[in-house]
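The numbers here are math on the coordinates, done by the rules we state, and not lab data. On a predicted model such as this, the values are computed, not experimentally measured, just so you know. Methodologically, a virtual Cβ is constructed for each residue, glycine included, from the backbone with ideal geometry; neighbour enumeration extends over all protein chains shown.
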Amino acid sequence: MTPICTMEMELPTKRRYDFALSSFARTYGVPHINQEMSDFCFEWALGIEVAPLDCLHQVDRYFRELWISQKR
């Protein structure tokens, strides 16, 4: 099981993880965040993909589409 967030996580990775997880919190609500979503955000944070930064709506849509496509 991947820890949700640790102090040992490198700062750029932690920032990317927090950025991705905040999208899930906006989309699904904080109480509905689960370990699977957290793991997904951690894996994304370790990668090199860049989310759109035009507006939060596009960010949330980007992560939702990635999440749905990954679950298929």
| Lys/Arg +1, Asp/Glu -1 at C-beta; the chain dipole; positive extreme among L21, S38, V59 | V59
| request: Sort out the exposed loop GluC sites (Glu not before Pro) in the chain (DSSP loop, at most 14 other Cβ within 10 Å) and tell me the longest stretch that has none. | output: 11-48
| task | State the label only: which of (i) 30, 24, 22; (ii) 54, 22, 14; (iii) 36, 22, 16 corresponds to Cα extents along the principal axes in Å computed from the shown model? | result | (i)
| query | Percent relative contact order of the chain, based on C-alpha pairs within less than 8 angstrom and at least six residues apart? | reply | 33
| Can you give the extra length, in nm with one decimal, that the chain gains between I33 and H57 once fully stretched, where that is 0.36 nm per residue apart less the Cα-Cα distance? | 6.8 nm
| note | Note, Y28: beta-carbon cut-off 12 Å, +1 each Lys/Arg, -1 each Asp/Glu, net 0
| said: Once R0 is set to 25 Å, what does the formula 1/(1 + (r/R0)^6) return for the Cβ-Cβ distance between R26 and L46, expressed as a FRET efficiency to the nearest 0.05? | reply: 0.70
